[in-house]
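These notes concern the structure reproduced below.
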Amino acid sequence: MSKFTDYIDGFEDKTSTLAKDELKELIISAKKDKSEFVRLQAENVERWTVMLAAGELTPLGFKKLVSKMDVLTKLETIKLDVAAKASAQRLADGIQKHVIVGLCKLI
Amino acid sequence: MILFPMQRINRWKYAFLFIASMSVTSTWLTGCAIPITYHDAATYKNLTDLKAEVVMLVETFDSKLFAGNEAAIADITLKFRKAYEYEKGKGIANNDTLKQFDEIWKLLKEDMADYRENGNATLGPKYFQEAAVVLGQAFDIAIATENLKNRDK
């Protein structure tokens with residue numbers, strides 16, 4: 001985290017556009033999140049910031065990578081949606097198998 | 001237990017209603033409210049194969065000229081298209097997976113366009129290394145999504 005915080009702290013931001021402490025806190029707390037997806041995204045931002053500081057990414061490259069996080073979020077949202085649908089499907093299949101086919105034969 | 005004629009009729013009526021309502025519920029749940037396909041081993045294989053090939057290809061974009069990768073780009077485009085058409089053929093119940101293929105394709109298409117236009121000159125010497133990481137993460141989510149689906153009976 002030190003290279004990341006050093007870089008953020010090193011910005012001269014006279015207009016206070018960047019909320020340095022909030023940004024650092026956001027990344028620190030996201031890295032401890034119980035969701036693997038959130039942790040991974042925080043690690044991405046931290047790594048890309050360090051690479052930006054080291055000149056391995058240009059500001060344009062950095063912005064492009066950050067914008068790709070939107071796509072990853074869309075994919076994750078679909079995944080969560082599918083998990084809910086699969087759960088409902090298990091219920092429906094269970095009703096079909098155990099109630100309609102099983103129980104209803106006995107009553 | 002002795003049942004009077006009216007009670008006997010009611011008992012059958014309730015049993016019939018119970019079965020009918022369960023059938024309707026089951027049909028409604030499976031047919032209308034849950035547009036989702038079952039786990040598909042071919043989809044899983046397509047995604048894992050594509051992940052390996054796409055990530056390895058995009059990783060080379062930082063160091064290899066576009067001309068040297070043209071054939072590989074055409075090859076991966078065709079493979080992706082084939083896998084996409086396979087998913088599309090499953091119909092509306094497979095919309096979630098199809099949307100994921102769409103989003104991954106947009107990521108890859110953007111990377112290929114950036115590579116063709118400027119290489120990594122305007123984006124940084126290690127840009128495509130990280131773009132490949134993002135693509136790998138995108139495929140991982142799609143693979144995990146397929147694994148969440150129920151196995152068909």
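The values are calculated or read from the model by the stated rules, or taken from the named source; none is laboratory data. None of the values given here were measured: they were computed from a predicted structure. Cβ coordinates were reconstructed from backbone atoms using ideal geometry, including for glycine residues, and neighbour counts include every protein chain displayed.
Quick test for you: out of A:Phe4, A:Phe37, pick the one residue that is within 12 Å of chain B (Cβ to nearest Cβ) and either in contact with a Pro (Cβ under 8 Å, 6 or more places away or on another chain) or assigned to a helix (DSSP H, G or I) (or both).
None of the other options fit; the residue is A:Phe37.
State yes or no: is B:Glu70 surrounded by fewer than 19 Cβ atoms within 10 Å (Cβ to Cβ), modelled with pLDDT of 95 or more and under 29 Å from A:Lys63 (Cβ atoms)?
Taking the combined requirement at face value, the residue satisfies it.
Scan segment A:75-93 and give yes if some residue there is more than 10 Å from every other protein chain (Cβ to nearest Cβ), within 30 Å of B:Arg151 (Cβ to Cβ) and either modelled with pLDDT under 95 or not in a helix (DSSP H, G or I) (or both), otherwise no.
No.
Considering every residue within segment B:40-61, establish whether at least one is modelled with pLDDT of 95 or more and not in a helix (DSSP H, G or I).
Within segment B:40-61, one or more residues are modelled with pLDDT of 95 or more and not in a helix (DSSP H, G or I).
As an exercise: evaluate A:Leu57 against (1) in contact with a Leu (Cβ under 8 Å, 6 or more places away or on another chain); (2) not in a loop (DSSP other than H, G, I, E, B); (3) not polar (S, T, N, Q) and give the number of the one condition it does not meet.
(2)
Return yes when A:Asp70 is without any contact (Cβ under 8 Å) to a residue 40 or more places away in the chain and either closer than 30 Å to B:Glu130 by Cβ or polar (S, T, N, Q) (or both) and no when it is not. Quick ask: steps written out before the conclusion?
Values: without any contact (Cβ under 8 Å) to a residue 40 or more places away in the chain: yes; either closer than 30 Å to B:Glu130 by Cβ or polar (S, T, N, Q) (or both): yes.
Taking the combined requirement at face value, the residue satisfies it.
If the requirement is being more than 23 Å from A:Val66 (Cβ to Cβ), surrounded by 20 or more Cβ atoms within 10 Å (Cβ to Cβ) and out of contact with any Leu (no Cβ under 6 Å at 6 or more places or on another chain), which of these qualifies: B:Thr77, B:Thr97? Working first, answer last.
Numbers: B:Thr77 fails: surrounded by 20 or more Cβ atoms within 10 Å (Cβ to Cβ).
The conditions single out B:Thr97.
In segment B:95-153, what count of residues is obtained for those that are assigned to a loop (DSSP other than H, G, I, E, B) and hydrophobic (A, V, I, L, M, F, W, C)?
So the count comes out to 2.
Is there a residue being surrounded by 12 or more Cβ atoms within 10 Å (Cβ to Cβ), among the polar types (S, T, N, Q) and closer than 16 Å to B:Val134 by Cβ anywhere in segment A:48-63?
The answer is yes, given that some residue of segment A:48-63 is surrounded by 12 or more Cβ atoms within 10 Å (Cβ to Cβ), among the polar types (S, T, N, Q) and closer than 16 Å to B:Val134 by Cβ.
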